[in-house]
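Visitor: Dropping the structure in here first, questions after.
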Protein chains: 2
Amino acid sequence: MLIGELSEKTGFTRDTIRFYEKQGLISVGRKERRENNYKEYSSDTLKRLLTIKVIKSFGFTLNETAEFLELIENNRASCDNVANKAEEKVKLIEAKIKELQSLKELLVDSVSQCQTCCSPGSSENCALLEVR
Amino acid sequence: MLIGELSEKTGFTRDTIRFYEKQGLISVGRKERRENNYKEYSSDTLKRLLTIKVIKSFGFTLNETAEFLELIENNRASCDNVANKAEEKVKLIEAKIKELQSLKELLVDSVSQCQTCCSPGSSENCALLEVR
DNA sequence: TTAAACAATGGAGTATACTCCACTGTCAAG
DNA sequence: CTTGACAGTGGAGTATACTCCATTGTTTAA
C-alpha cells in the first residue's frame, strides 16, 4: 500500500511515517517500490507501526520503542523483558508524580501564604516572588 | 559586576545569563559597559535573576516567568495576580499527575497481565505488544 | 486538458531551555 | 613576555517528536 493508505490505517500522518522511516523505526527497501518510484509499504510495516503505536501508548519514547522493536525482531520480547522495562517505566512515573506533588504542595502553600502576606487590595508586589 | 560574579551569585551559568539576556529576561544598556566593553551588571539585574530563580522554582516556564517579571515591573504583581497564576499552575500539575497515574495503572495492569499471558520461560514475544 | 491530490526528496522550523563552539579581545599572574 | 582565564559576539547543537516548506514528478477526476 501507499503511504496515504498506511497513514489512514495507522493514524500517523504521512510526515510522521516519513520521520519514523528516517529514524529507522520502519524501513522500505529499494526494491519495494512501484514503477513510478512510489514506496510500497507492506502489511508487515503496517503491523510494525501499529505495534509502535501500542508501545508509545505505554509512555515509552521513540528510542525505547526502537529497543522494544529490536527485541521483537529477535524474538526476545519475552514477558520478562517487557515486564522489566514496564516496571522501570513505572518507577520513573512514580518519581515524576512525586516531584509534581512536591511542586504542587509548594504552590498551594505559597498561595495560602499569599492570602495572608498582603492586605486585600494591596498594590504592593507579592512578597512571595521576593528573593528567599 | 561582571558576568562571572553574577554567575557565581545567582547559580546560573554565564551561558544561561547570556541566553536570558538574549531572550529579554534581563537587559544591559549600551551605557552600562566598562571602558573595555565588558558589561557591567547592576545589583538590580542580580536581584532580577534571583527573582527568576524563585519563579522558575515554582515550575513556571521562561515565558511565564517573563510575564511575572512584567507584572513586577509595573507594580502589578499583587497577591491576587500571583495567586491566580499559581492556582492555574496547580491545576495543570494536577492534570499531569492524573495523566501519569492513568499511565502508571495501565502499565501496572499490563505487567500483571504479563505474568499470566505467557508461561514462565516462554520464548514467545509478549502478547501485550501485539496490536489491540 | 487542467487542476488538485498524492508521492518523493531534502531542508528547515517549532517548542523549551539551555549548552557548546569558534574566534577575537582583555586582563592578570607567573 | 607568555599563558591561561575571562569577557564579548555570533552561530549552531542537544534532546524529543514531530511539522512545515519548496520543489519535482505522478495520478486522478472533472
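Visitor: Can you find a residue in region A:28-42 that is aromatic (Phe, Trp, Tyr) and either within 16 Å of DNA strand C (Cβ to nearest atom) or more than 19 Å from residue B:128 (Cβ to Cβ) (or both)?
Guide: The answer is yes; a qualifying residue exists.
Visitor: Of the residues B:55, B:72, B:97, B:26, only one is touching a Leu at 6+ places or on another chain (Cβ under 6 Å) and either in a helix (DSSP H, G or I) or under 25 Å from residue B:1 (Cα atoms) (or both); which?
Guide: Numbers: B:55 fails: touching a Leu at 6+ places or on another chain (Cβ under 6 Å); B:72 fails: touching a Leu at 6+ places or on another chain (Cβ under 6 Å); B:26 fails: touching a Leu at 6+ places or on another chain (Cβ under 6 Å).
Of the residues listed, the single one that is touching a Leu at 6+ places or on another chain (Cβ under 6 Å) and either in a helix (DSSP H, G or I) or under 25 Å from residue B:1 (Cα atoms) (or both) is B:97.
Visitor: Residues B:4, B:11: which one is farther than 22 Å from residue A:130 by Cβ, touching a helix residue (DSSP H, G or I) at 6+ places or on another chain (Cβ under 8 Å) and not β-branched (Val, Ile, Thr)?
Guide: The match here is B:4.
Visitor: If you don't mind, another one. Restricting to region B:43-59, give me the number of residues that are surrounded by 15 or more Cβ atoms within 10 Å (Cβ to Cβ) and away from DNA strand C (no atom under 12 Å from the Cβ).
Guide: The number of residues fulfilling the criteria is 6.
Visitor: Quick one: in region A:8-23, of everything that is part of a loop (DSSP other than H, G, I, E, B) and either surrounded by 14 or more Cβ atoms within 10 Å (Cβ to Cβ) or within 9 Å of DNA strand D (Cβ to nearest atom) (or both), which residue is farthest from the other protein chains (Cβ to nearest Cβ)? Write out each step before concluding.
Guide: Pass one, region A:8-23, residues part of a loop (DSSP other than H, G, I, E, B): A:11-13.
Keeping just the survivors that are either surrounded by 14 or more Cβ atoms within 10 Å (Cβ to Cβ) or within 9 Å of DNA strand D (Cβ to nearest atom) (or both) gives A:12-13.
Working: A:12: 14, A:13: 19 Å.
Across region A:8-23, the extreme among qualifying residues is A:13.
Visitor: Go through A:110, A:57 for me and flag whichever is hydroxyl-bearing (Ser, Thr, Tyr) and farther than 29 Å from residue A:19 by Cβ.
Guide: Step by step, each of A:110, A:57 is checked, and only A:110 is hydroxyl-bearing (Ser, Thr, Tyr) and farther than 29 Å from residue A:19 by Cβ.
Visitor: Inside region A:1-40, can you point out the residues that are more than 24 Å from the chain's Cα centre (by Cα) and of a type in the set (Phe, Trp, Tyr)?
Guide: Passing the criteria: only A:38.
Visitor: Here's a follow-up. Considering only region A:75-93, state which residues are assigned to a helix (DSSP H, G or I) and within 7 Å of chain B (Cβ to nearest Cβ).
Guide: Let us first name the residues in region A:75-93 that are assigned to a helix (DSSP H, G or I), namely A:79-93.
The answer is A:79, A:82, A:83, A:86, A:87, A:89, A:90, A:93.
Visitor: Additional query: Of all residues in region B:24-37, which are closer than 27 Å to residue B:83 by Cα and surrounded by 13 or more Cβ atoms within 10 Å (Cβ to Cβ)?
Guide: Answer for region B:24-37, where residues must be closer than 27 Å to residue B:83 by Cα and surrounded by 13 or more Cβ atoms within 10 Å (Cβ to Cβ): B:25, B:26.
Visitor: Can you tell which of B:40, B:67, B:5 is more than 20 Å from residue A:101 (Cα to Cα), surrounded by 13 or more Cβ atoms within 10 Å (Cβ to Cβ) and within 15 Å of DNA strand D (Cβ to nearest atom)?
Guide: Answer to the selection: B:40.
Visitor: Every residue in region B:117-132 that is modelled with pLDDT under 70 and assigned to a helix (DSSP H, G or I), please.
Guide: Across region B:117-132, the qualifying residue is only B:117.
Visitor: Can you find even one residue in region B:91-99 that is within 16 Å of DNA strand D (Cβ to nearest atom) and more than 30 Å from residue A:110 (Cβ to Cβ)?
Guide: Looking for residues that are within 16 Å of DNA strand D (Cβ to nearest atom) and more than 30 Å from residue A:110 (Cβ to Cβ), one finds none in region B:91-99, hence no.
The values are calculated or read from the model by the stated rules, or taken from the named source; none is laboratory data. Note that the structure is predicted; figures quoted are calculated from it, not measured. For neighbour counting, all protein chains shown are included, and Cβ atoms are generated from backbone atoms with ideal geometry for every residue, glycine included.
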